[in-house]
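The values are calculated or read from the model by the stated rules, or taken from the named source; none is laboratory data. This one's a predicted model, so the numbers in the text were calculated from it and none came from an experiment. All Cβ positions, glycine included, derive from the backbone under ideal geometry; neighbour counts span all protein chains shown.
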Amino acid sequence: MEGKIQELHQKSEDPQLCKEMMEYVESQLSKENILMTDAQKLSLLSHVSAMVYRSRHQEMVQPVDKVLFQEVSKESIEMAGRVCGKLQNLHEDEKYLLSIHFETAKFNI
């Protein structure tokens, strides 16, 4: 798994920023007492790596229909908004896509 983590850091084209973003995300998860499985962490890292890449290259995700996210908690969307706010040049809808990682992890036992 360590090799995959390193690969995802490199894929972002800014490995240090990617690591810093993941540390921030993990601190936010810890504050909310949200635990992720290893598979969920890897999926989240993949998303964060892609966000760092998009931020660097000023690429935007396609707009999403916010109605699809009405069952996602306000807390997950707000946490995702704080994370996205740490990077520049991201589309505002990025937070909705990121919020799914947090919301899903809330249901871990």
Listed by first then second residue, the pairs whose first member lies in the stretch 50-73 and is closer than 16 Å to residue 84 by Cβ, whose partner is surrounded by fewer than 18 Cβ atoms within 10 Å (Cβ to Cβ) and aromatic (Phe, Trp, Tyr), with beta carbons under 9 Å and at least 6 positions apart or on separate chains, are 59/53
Taking the stretch 10-44 and the residues there that are exposed (fewer than 14 other Cβ atoms within 10 Å of the Cβ) and polar (S, T, N, Q), the one that is nearest to residue 73 (Cα to Cα) would be 33
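Output the number of residues of the stretch 55-109 satisfying the condition of being of a type in the set (S, T, N, Q) and under 22 Å from residue 41 (Cβ atoms).
Here is the first cut: in the stretch 55-109, the ones of a type in the set (S, T, N, Q) are 55, 58, 62, 70, 73, 76, 88-89, 99, 104, 108.
Keeping just the survivors that are under 22 Å from residue 41 (Cβ atoms) gives 55, 73, 76, 99, 104, 108.
Adding up the residues that qualify gives 6.
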Within the stretch 54-99, residues of a type in the set (Asp, Glu) and part of a helix (DSSP H, G or I) come out as 75, 78, 94
Checked 36, 51 against criteria (at pLDDT 95 or above, assigned to a loop (DSSP other than H, G, I, E, B), closer than 16 Å to residue 100 by Cα and of a type in the set (A, V, I, L, M)); the one match is 36
